[in-house]
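Report on the following structure.
We did not get these values from a lab; they are worked out from the coordinates using the rules stated. Remember, predicted model here, so these are calculated numbers, not experimental data. All Cβ positions, glycine included, derive from the backbone under ideal geometry; neighbour counts span all protein chains shown.
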Amino acid sequence: MQLFNSQTLGHRQSMVVNAQLQQAIHLLALGNADLTSFIEKQSEENPFVELAPLPRAVADRVPSSSSVRASGGDDWDRIGALAEDPGPSLYAHVTAAISRLDLSADELAAASVFLDALEPSGWLGQPIASIALRAGLSEDAALVLLSKLQSIEPAGLFARTLAECLRLQAAERGILTARFGAILDNLKLLAQADLKGLARACGCKLDDLKTDLRALRALNPKPGAMFETYIMPQRPPDLIVNQAEDGWHVDLNRSTLPRVLVRAAEAQAVAERCAETTSAYVGERLSVARWLARAVEHRNQTILKVGAEVVRRQTAFLEGGAAHLRPMILREVADAIGVHESTVSRVTSGMLVATPQGTFPLKSFFSAALSGSAGEGPGSAAAVRHRIKQLVQAEAADDPLSDEAIAKIVSTEGVVLARRTVAKYRDMLSIPSSSERRRRAVVNGQI
């Protein structure tokens, strides 16, 4: 065997991802609000970068409330119509109520421990033994204080269980009869929609339960939730779609779009007054500022290209709603506008687009294709999920559609669908099974 060294020559292509390229890639996934924060941070580090003041919203850039319908009640332009004064929080309300209970100093100190254990639902989130230990009380003394705290309106606050919460409200309304109390003691049977078993447990006939069950449904299982006034703000969209005489148009939301101002004149003045070493620093900072301005402009143009291609492919959705959403994947859009698939993925991951159908994440327009029936084109998975939701909403309460029945209906409409696919999509939509839907209908008195 002979051993010897050899050298071979070859060519290969590679890309070095430097810091600036990484930053440019990062900009593609930033919405307008995040981009504004990023530019502000850069302006703090670079004296020649300035965030241009945002212009006032232009009326013809923003869809009117008549042209943009709310989607699920979360349309971005509806947020301004919310009440400006939401009222006190649960914590503030209970704190004020405790101060009016005429408690001793020791009881007030212990009440603060109960207050710390109060959850947003209005229930106590800790066992009474644990609260008593932290408050320095015996368990009996803690129970006495708890009964005083449970007198605070609305009834049901400081309850330890669902049954106790409903019992406090029933007592406050004067409907806590022996039979009503027996229902509360057997809520597990009610949750299982076993009304016959519940009637036996309460020692009454099935018809006698109907009045009590109607009264039970009128109670609030989470009385603290009425104080949850904080609403996560829906940020303005990054893209706006409008219909004109010559078709659909997509534009950047100029009312929130930040711009980078490069302070070139100030940089030149500083360089002329400073030494050579300082002048080199000024040149480097100015170069970074100019690169940032170009990167932001490239980001805007890329977002606009992606948005325009998505709108071009989804005109049926814009005109007819979610049932007309076409199947579309990232690669199709990437090939159409001449960019890499990962670029489209980054752009769509964080952008919101306002359309006549509502405001949606740009990512929601992408959906896999499902095979169609003979003579039919492929269907969109998102459109099928929307159809399943429609069918469930329209079904009879006493005869809910099974997964098999839904699959047959959708298949006759042109998209081949298996029962297991219906079950998967139903889980994605948080829709319970047909048996569970019927059980809930029984409990809610719909049957």
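Remark: for residue pairs Lys188/Lys222; Lys363/Lys424; Lys188/Lys210; Lys196/Lys222, the C-alpha separation exceeds 24 Å in Lys196/Lys222.
Kindly give Rg over Rh for segment 369-443, based on alpha-carbon atoms, with the Kirkwood expression for the hydrodynamic radius.
1.00
A Cβ-based charge dipole, computed about the Cα centre of segment 369-443 with Lys and Arg at +1 and Asp and Glu at -1, lands at about 260 debye.
In terms of surrounding Cβ atoms within a 10 Å radius of their Cβ, Tyr91, Tyr425 rank from fewest to most as Tyr91, Tyr425.
Among Met351, Met226, Met328, sorting on how many other beta-carbon atoms sit within 10 Å of each Cβ, with the fewest leading, yields Met226, Met328, Met351. The ranking of Val306, Val311 from fewest to most other beta carbons within 10 Å of each one's beta carbon is Val311, Val306. Rounded to the nearest 20, the size of the Cβ-charge dipole of segment 307-404 about its Cα centre is 520 debye, with Lys and Arg at +1 and Asp and Glu at -1.
Shape summary: segment 90-227 maps onto an equivalent ellipsoid whose semi-axes, from the alpha-carbon gyration tensor, are 32, 15, 12 Å in decreasing order.
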